[in-house]
Amino acid sequence: MSQLEIKNLNAGIAGQSILKDFSLTVPKGEVHALMGPNGTGKSTLAKVLAGHEDYEVESGSVLMDGEEILGKEPDEVARDGLFLAFQYPLEIPGVSIANFIRAALQARQEDGEKFDAPAYYRRLYEKMNILQIDKKFSARSVNEGFSGGEKKRCEILQMSMLEPSYCVMDETDSGLDIDALKIVANGVNLMRGPDRGILVITHYQRLLDYIVPDKVHVMYEGRIVHSGEKELALELEEKGYDWVRDELATTAS
Amino acid sequence: MNTEATAVQTAPGVGDSASFERHLSLSALPESWKNWKKEYWEKYEELPFPRTRDEHWRFASRIDFDLSGFQLAEDASDDTIEEVLSRSNLVAERSGQIVFVDNQLVSEEAIPEELAARGVVFLPLAEAVTKHPELVERYLFQESTDLGSDKFHALHNAYSESGYLLYVPDNVEIDAPFAVYHWHAAPGAALFPHILVVGGRNSRFSVVDAQQSLFEDRTGFSCAVGNVFAEDGAKIYRRTIQNFNNRMVSFQLDTNNVDRDTAVRGINLNLGSRRARFENEVRINGAGADVKLYSLTVAENDQEFDQRTLQIHNAPNAVSDLLYKNALMDHSRTIFSGLIKVAKDAQQTDAYQTNRNLLLNDTAQANSLPGLEIEANDVKCSHGATTGQLDRDELFYFLQRGIPKRIAQQLMVFGFFEEVIEQFDNEELEENLRGLIQAKFEKKQLDAVTPKMETT
Amino acid sequence: MSQTDAIDIDREKGNFRFDVKYEYDAGTGLSEETIDYISKAKDEEQWINDFRKRALKVFERLPMPTHWATKDLENIVFENIRYYLSQGQMPSRSWDDVPDEVKETFERLGIPEQERKFLAGVEAQFDSEAAYSRMQDSLEDEGVIFVGSSEGLKKYPHIFKKYFGKVIPTNDNKFSALNSAVFSGGSFIYVPPGVKLKQPLQAYFRINAESFGQFERTLIIADEGAEVTYMEGCTAPKFETSTLHSAVVELVALKGAKIQYITVQNWSNNVFNLVTKRAWAEEGAEVKWIDCNIGSRLTMKYPGVVLKGRKARGEVISIALANDGQHQDTGAKMVHQADDTTSNIISKSISVGKGRSTYRGLVHMPDHLKGCKNNTECDALLINTNSRTDTYPAINVQGNGNSVQHEASVSKVSAEQIFYMMQRGLSEGEAMSLAVNGFVNDLVRQFPMEYSVELKRLIDMEMEGSVG
């Protein structure tokens, strides 16, 4: 039961179906990579899992530790333990990183529970240190004026502070230079453990040199067409996505 | 309290000549000032009430100009005074404090010896007129308004004797702000606060004016006039908080005369009144001046905030920058009408004007009239006005972090405010003001977000 | 400048006139008699005569709008103006039948040539009436109607009467009332459902007589799914006395229709050009005003779109150039009346010498609407120290998910840019012309090719002598 289980999911946006009978299971303790060409529905999957209201679910189910999360409000899903690292993190003017994460943590507290501010800041600075984020950033508005790398590190910072059960990382490597990529990967690796399942969505194999996955899935036109060990990513890198397409064409004919 | 209320209701309103005659006969002011008063009263009677089709009143709702329900209040009770003094607490670290209730002076805190010795004057007007007649003669009632409320300006001058003079001589620099409270307490009270701030050459100081109501359920009328004079090189920061109750009708008619190389800042937090009209005029008369104007308005229920601004550049090489932000809830309305005027010889002017309106409910209404009149060519001038809602993608980002919608919306709204609030540049004050704003959001349902993007 | 010759011809392009013997002349001044004279000359039905007389009363009642507009309006002397001058009411269908002096006028302006090259139809108005009107036969077969206002009301009342005076009511403003009282000429166009005109229709307005007022009236109806582009040009000789041009233009774009209305206004500097232009856009319809004002003494013109149907779209693209003695007071109005409507306004103005350009805008989104958007950009360029510009937008927003964005800026041509070009060997004047053309380039490109070339040349001419 300790798994994120996506079963026969059909979903889309603005009347256009994108996910077609999509199924995938990520157990706790494992890191799965989901690879695929642009426009194949990877980001749609991330948004649907997180409960974005603009996306329409036609059928299927998503069980998180056995409990259905489709149909829940996005904040409920988040508090239940699903974290989405955004491909394009939003800029929130006037709301500091410290206040933002604090609000998120407070939302997870029981009614009447007191928030331990000094402990919070100790922990925040510790995590910032690991991710090589300057302490001063905690007072800056969330993502406002950040570089691409800073935004992604800020996502990982939030993830490590909120300690979710399942992480969905949407193209976290996009827009990162190699140094930033290593820092981000290190942050993610520190979060690996028996109590957490991680789904890394990426277009390129490069990130997987640093976050070594337990399983690799290849997505094409809204469904998974290949699953395998980490070597699959290398094979895909070598042969390119055309290989997937050609292979599918052969199977179909 | 009851007897007070009855007594007030039988008296004629401040727009009635009987009221003015009575006021004049009771006034203890010098003859010269009384003669001014008579002139202004005549002017008040001559001038027509503004009409909504006047350009300066465009988009304003039909205003109820009936002043018969508003009278000069009797002296406040000891209980009221005690209450007012205990609540005059926005600024602890200060250079001096004066408190008025319904025009009546109730507290005057002496300024530090050292400042007095250097010639700083911080006095209620009635006292300043006898102690510093030369300053009063030079600056008092020298200003007019060009933004539409000249009739109310005349009414103010006819009645006003409450208010203060703050004069900081050449080269005197003061860190802690001066604080002044203008309280409204009695039912139907008419207030006429006069604010006169003069900064000598290369002086530096700041002042906080707070206009508040002691009771939430009492009507009232306030017509304030604020005149700032900044001589060469002066650095003046004037902060104003308008937090009357939602039954008040208020006017605030401000001017800023700014000389060479000055740095003048003005910031307004507008929370209260049923109808609040704010006129703010900046006249840049000396080269190299740098003026910044900020305003934050939070409107709820059926409040209407009507803001008219004028940035006049009469001298070259000066900068003026204006940022007015409005957040609107329920059926509230805001009007921002701003004009930048650059005169023929005011080359190398940088003048900007930004109005941002955040609609938090579908029924709120924001109006913008940003204007430019430019007669010099070597200038950088721009204005921008936007009106919109909380961004749905930003909201989703909050939700995905597990933050409930209500809290997320509040955080976003306060994020929108922060750009202005931080300009108060005084942590204690900022904290107090956030508290005042927070109170307006209790029990509010915010429903407006940007619509979903249509993919084509 | 290297192309001085070509430019000199253009500069004086409209500045010539022929003495014409008018068969019909209502004389100077405006009264009920003037209106009766016009109605009689046109052999109008009684309801039109009544409409005119009611309009005259409104015109007399309404004050000059000088509480917001320029006091220069007070220099118009209505009793000195001639309100109707013509040589007959029926336009010729062939240039051969057009009286010689009139034909020569339009030949010098290049109209017959343009018609041959790229137009689907042409109407050439000389003072009060069209002298020539012709549309491709194939369009006639498809049911397209392209006639003058009198003919339109007389022959096709079932089509035009429904919208005539409805988009712009008589009492909209003083000058729409004046036009309603004495209108003559203009184009009445009807494009049947689904008919899409590939080439533009064009009207050319020529004032030839001194102390004259031209009051054409245009009504274009594009039925469901129809598409039409209409272009208008205008010139007048330079007279000592002032001349008045006051048109009313109403556009109706029914469901899914598209109308594009292009104006290149190049009146001489003694013309008061006070024009009311407005469109209705029904569901999914698109109306685009492309408006370029270079001539006239005072132009006051704020093309508008009333967005009446869901997903309707309105656009105003405006270029204004004000030189010495000119005031271009232009702008746009966008009135949103249905959900998911969008509007876009882009205005660029250039003030040269003592010229003054003014932008006035109105964007209105009331509370019962949702999903409406407006974007407005106005940029002003000031060339000389005495040049002047004003910007007066009015924005009024309420409702569910409606948003408005307005940006305006004022700047001058950067000295470094001019220096850079001069270092490459251009004269200061040429550099300035290039910079100014660059400033409006993205908008000029929205005009049809033939017009955009003409526009660039006009701008070059206006920039001549602006430096040094």
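The values are calculated or read from the model by the stated rules, or taken from the named source; none is laboratory data. From a predicted model like this one, the values you see are computed outputs, not experimental measurements. Cβ placement follows ideal geometry from the backbone for every residue including glycine, while neighbour counts extend to all protein chains displayed.
Of all residues in segment B:404-456, which are small (Gly, Ala, Ser), in a helix (DSSP H, G or I) and either touching a residue at least 24 places away in the same chain (Cβ under 8 Å) or surrounded by 14 or more Cβ atoms within 10 Å (Cβ to Cβ) (or both)? Step through it out loud before you land on a result.
We begin by selecting, within segment B:404-456, every residue small (Gly, Ala, Ser); these are B:408, B:415, B:435, B:439, B:448.
The next check asks that each one be in a helix (DSSP H, G or I); those that pass are B:408, B:415, B:435, B:439.
Passing the criteria: B:Ala408, B:Gly415.
Is it true that A:Glu113 is more than 8 Å from chain B (Cβ to nearest Cβ) and at pLDDT 95 or above? Show your work before the answer.
Working: more than 8 Å from chain B (Cβ to nearest Cβ): yes; at pLDDT 95 or above: no.
In short, no.
Tell me which residues, restricted to segment B:336-372, are closer than 19 Å to B:Gln389 by Cβ and of a type in the set (A, V, I, L, M).
Of all residues in segment B:336-372, those closer than 19 Å to B:Gln389 by Cβ come to B:336, B:354-368.
Listed by number, the residues that qualify are B:Leu358, B:Leu359, B:Leu360, B:Ala364, B:Ala366.
Return the total of residues in segment A:79-95 being facing chain B (nearest Cβ under 8 Å) and either exposed (fewer than 15 other Cβ atoms within 10 Å of the Cβ) or outside any loop (DSSP other than H, G, I, E, B) (or both).
7
Residues to consider are B:Glu113, B:Glu74; find the one that is free of Cβ contacts under 8 Å to residues at least 40 places away in the same chain and surrounded by fewer than 17 Cβ atoms within 10 Å (Cβ to Cβ).
Details: B:Glu74 fails: free of Cβ contacts under 8 Å to residues at least 40 places away in the same chain.
So the residue among B:Glu113, B:Glu74 that is free of Cβ contacts under 8 Å to residues at least 40 places away in the same chain and surrounded by fewer than 17 Cβ atoms within 10 Å (Cβ to Cβ) is B:Glu113.
Does segment C:152-162 contain any residue that is under 18 Å from the mean Cα position of the chain (by Cα) and crowded, with 23+ Cβ neighbours inside 10 Å?
Residues of segment C:152-162 under 18 Å from the mean Cα position of the chain (by Cα): none.
Checked against the condition, which is being under 18 Å from the mean Cα position of the chain (by Cα) and crowded, with 23+ Cβ neighbours inside 10 Å, segment C:152-162 yields no hits at all.
Going by the conditions given, is C:Ala320 surrounded by 24 or more Cβ atoms within 10 Å (Cβ to Cβ), of a type in the set (A, V, I, L, M, F, W, C) and either free of Cβ contacts under 8 Å to residues at least 40 places away in the same chain or within 17 Å of C:Asn269 (Cβ to Cβ) (or both)? Let's see the steps before the verdict.
Details: surrounded by 24 or more Cβ atoms within 10 Å (Cβ to Cβ): yes; of a type in the set (A, V, I, L, M, F, W, C): yes; either free of Cβ contacts under 8 Å to residues at least 40 places away in the same chain or within 17 Å of C:Asn269 (Cβ to Cβ) (or both): yes.
So C:Ala320 passes the test.
Please work out if B:Ser86 is without any contact (Cβ under 8 Å) to a residue 12 or more places away in the chain, among the hydroxyl-bearing types (Ser, Thr, Tyr) and either surrounded by 20 or more Cβ atoms within 10 Å (Cβ to Cβ) or outside any loop (DSSP other than H, G, I, E, B) (or both).
Working: without any contact (Cβ under 8 Å) to a residue 12 or more places away in the chain: yes; among the hydroxyl-bearing types (Ser, Thr, Tyr): yes; either surrounded by 20 or more Cβ atoms within 10 Å (Cβ to Cβ) or outside any loop (DSSP other than H, G, I, E, B) (or both): yes.
So B:Ser86 passes the test.
Using the structure shown, decide if C:Ala55 is within 22 Å of the chain's Cα centre (by Cα) and either assigned to a loop (DSSP other than H, G, I, E, B) or of a type in the set (D, E, K, R) (or both).
Values: within 22 Å of the chain's Cα centre (by Cα): yes; either assigned to a loop (DSSP other than H, G, I, E, B) or of a type in the set (D, E, K, R) (or both): no.
No: the conditions fail for C:Ala55.
Filter segment B:120-159 for residues that are small (Gly, Ala, Ser) and closer than 20 Å to B:Ser19 by Cβ; which is nearest to the chain's Cα centre (by Cα)? Before you say what the answer is, go through the steps one by one.
Taking segment B:120-159 first, the residues small (Gly, Ala, Ser) are B:126, B:128, B:144, B:148-149, B:154, B:158.
Next, from what is left, pick out any that are closer than 20 Å to B:Ser19 by Cβ: B:126, B:149, B:154, B:158.
Working: B:Ala126: 22, B:Ser149: 14, B:Ala154: 18, B:Ala158: 20 Å.
The residue in question is B:Ser149.
In segment B:235-257, which residues are among the aliphatic types (A, V, I, L, M), under 26 Å from B:Glu419 (Cα atoms) and in contact (Cβ under 8 Å) with a residue 40 or more places away in the chain?
Of everything in segment B:235-257, those that are among the aliphatic types (A, V, I, L, M), under 26 Å from B:Glu419 (Cα atoms) and in contact (Cβ under 8 Å) with a residue 40 or more places away in the chain turn out to be B:Ile241, B:Leu253.
Does segment B:345-400 hold any residues that are in a helix (DSSP H, G or I), modelled with pLDDT of 95 or more and within 10 Å of chain C (Cβ to nearest Cβ), and which are they?
Within segment B:345-400, no residue meets the criteria.
Assess whether C:Phe419 counts as being out of contact with any Cys (no Cβ under 6 Å at 6 or more places or on another chain), closer than 19 Å to C:Gly353 by Cα and assigned to a helix (DSSP H, G or I). Lay out the reasoning, then the answer.
Details: out of contact with any Cys (no Cβ under 6 Å at 6 or more places or on another chain): yes; closer than 19 Å to C:Gly353 by Cα: no; assigned to a helix (DSSP H, G or I): yes.
Criteria not met by C:Phe419.
Please go through segment B:317-344 and pick out each residue that is part of a strand (DSSP E or B) and basic (Lys, Arg). So that I can check it myself, show each step before the final result.
Let us first name the residues in segment B:317-344 that are part of a strand (DSSP E or B), namely B:319-328, B:333-342.
Listed by number, the residues that qualify are B:Lys325, B:Arg333, B:Lys341.
In segment B:232-283, how many residues are among the β-branched types (Val, Ile, Thr) and more than 16 Å from B:Val197 (Cβ to Cβ)? Don't jump to the end; show me each part of the working.
Step one: filter segment B:232-283 for residues among the β-branched types (Val, Ile, Thr), giving B:236, B:240-241, B:249, B:255, B:258, B:262, B:264, B:267, B:282.
Of the ones still in play, those that are also more than 16 Å from B:Val197 (Cβ to Cβ) are B:249.
Adding up the residues that qualify gives 1.
From the residues in segment C:376-385 that are facing another protein chain (nearest Cβ under 7 Å) and surrounded by fewer than 21 Cβ atoms within 10 Å (Cβ to Cβ), which one is farthest from the chain's Cα centre (by Cα)?
By that ranking, first place goes to C:Thr385.
Scan B:Pro48, B:Pro12 and give me the residue that is modelled with pLDDT under 95, over 26 Å from the mean Cα position of the chain (by Cα) and under 20 Å from B:Ala154 (Cα atoms). Break it down into steps so the answer makes sense when it comes.
On the way: B:Pro48 fails: over 26 Å from the mean Cα position of the chain (by Cα).
Criteria check complete, one pass: B:Pro12.
Looking only at segment C:87-101, decide whether some residue is in the same structural domain as C:Tyr204 (by TED's automatic domain parsing), surrounded by 22 or more Cβ atoms within 10 Å (Cβ to Cβ) and on the phi < 0 side of the Ramachandran plot.
yes
What about C:Ser466, is it more than 9 Å from chain B (Cβ to nearest Cβ) and surrounded by fewer than 20 Cβ atoms within 10 Å (Cβ to Cβ)? Even if it seems obvious, please write down each step before you answer.
Details: more than 9 Å from chain B (Cβ to nearest Cβ): yes; surrounded by fewer than 20 Cβ atoms within 10 Å (Cβ to Cβ): no.
Judged against the criteria, C:Ser466 is not a match.
Please specify each residue of segment B:201-225 satisfying the condition of being more than 18 Å from B:Leu429 (Cβ to Cβ) and surrounded by 20 or more Cβ atoms within 10 Å (Cβ to Cβ).
B:Ser203, B:Ser213, B:Gly220, B:Phe221, B:Ser222, B:Cys223, B:Ala224, B:Val225
With respect to A:Glu163, determine if the residue is within 22 Å of the chain's Cα centre (by Cα), within 13 Å of chain B (Cβ to nearest Cβ) and surrounded by fewer than 21 Cβ atoms within 10 Å (Cβ to Cβ). Even if it seems obvious, please write down each step before you answer.
Details: within 22 Å of the chain's Cα centre (by Cα): yes; within 13 Å of chain B (Cβ to nearest Cβ): yes; surrounded by fewer than 21 Cβ atoms within 10 Å (Cβ to Cβ): yes.
So A:Glu163 fits the description; yes.
If a residue counts only when it is under 26 Å from C:Glu101 (Cα atoms), which strands (runs of 3 or more DSSP E) contained entirely in segment C:185-244 have at least 2 such residues? Walk me through how you get there before you give the answer.
Details: elements: C:188-191, C:201-206, C:217-222, C:227-235.
It comes to C:201-206, C:217-222, C:227-235.
Quick one: count up the residues across segment A:49-78 that are farther than 27 Å from B:Pro451 by Cα, surrounded by 15 or more Cβ atoms within 10 Å (Cβ to Cβ) and acidic (Asp, Glu).
Qualifying residue count for the region: 1.
Which numbered condition in (1) surrounded by fewer than 21 Cβ atoms within 10 Å (Cβ to Cβ); (2) in a strand (DSSP E or B); (3) facing another protein chain (nearest Cβ under 10 Å) is the only one that C:Ile346 fails?
The one condition C:Ile346 does not meet is (3).
Return the residues of segment A:32-72 that are in a strand (DSSP E or B) and touching a Leu at 6+ places or on another chain (Cβ under 8 Å); say none if nothing qualifies.
Step one: list which residues in segment A:32-72 are in a strand (DSSP E or B), which gives A:32-35, A:55-64, A:67-68.
Scanning segment A:32-72 gives A:His32, A:Ala33, A:Leu34, A:Met35, A:Val57, A:Ser59, A:Gly60, A:Ser61, A:Val62, A:Leu63, A:Met64.
Among the residues of segment A:195-222, what is the count of those that are under 16 Å from A:Pro37 (Cβ atoms), in a loop (DSSP other than H, G, I, E, B) and modelled with pLDDT of 90 or more?
2
Pairs only if they're at least six apart or on different chains, beta carbon under 8 angstrom, first in segment A:67-78 and at positive phi and more than 7 Å from every other protein chain (Cβ to nearest Cβ), second assigned to a strand (DSSP E or B) and surrounded by 13 or more Cβ atoms within 10 Å (Cβ to Cβ); list them, first residue then second.
A:Gly71/A:Val57
Given the criteria closer than 27 Å to A:Thr202 by Cβ, within 9 Å of another protein chain (Cβ to nearest Cβ) and touching a residue at least 12 places away in the same chain (Cβ under 8 Å), does A:Phe137 qualify?
Details: closer than 27 Å to A:Thr202 by Cβ: yes; within 9 Å of another protein chain (Cβ to nearest Cβ): no; touching a residue at least 12 places away in the same chain (Cβ under 8 Å): yes.
In short, no.
When segment A:96-151 is examined, which residues are found to be part of a helix (DSSP H, G or I), surrounded by 16 or more Cβ atoms within 10 Å (Cβ to Cβ) and of a type in the set (Phe, Trp, Tyr)?
Scanning segment A:96-151 gives A:Phe100, A:Tyr120, A:Phe137.
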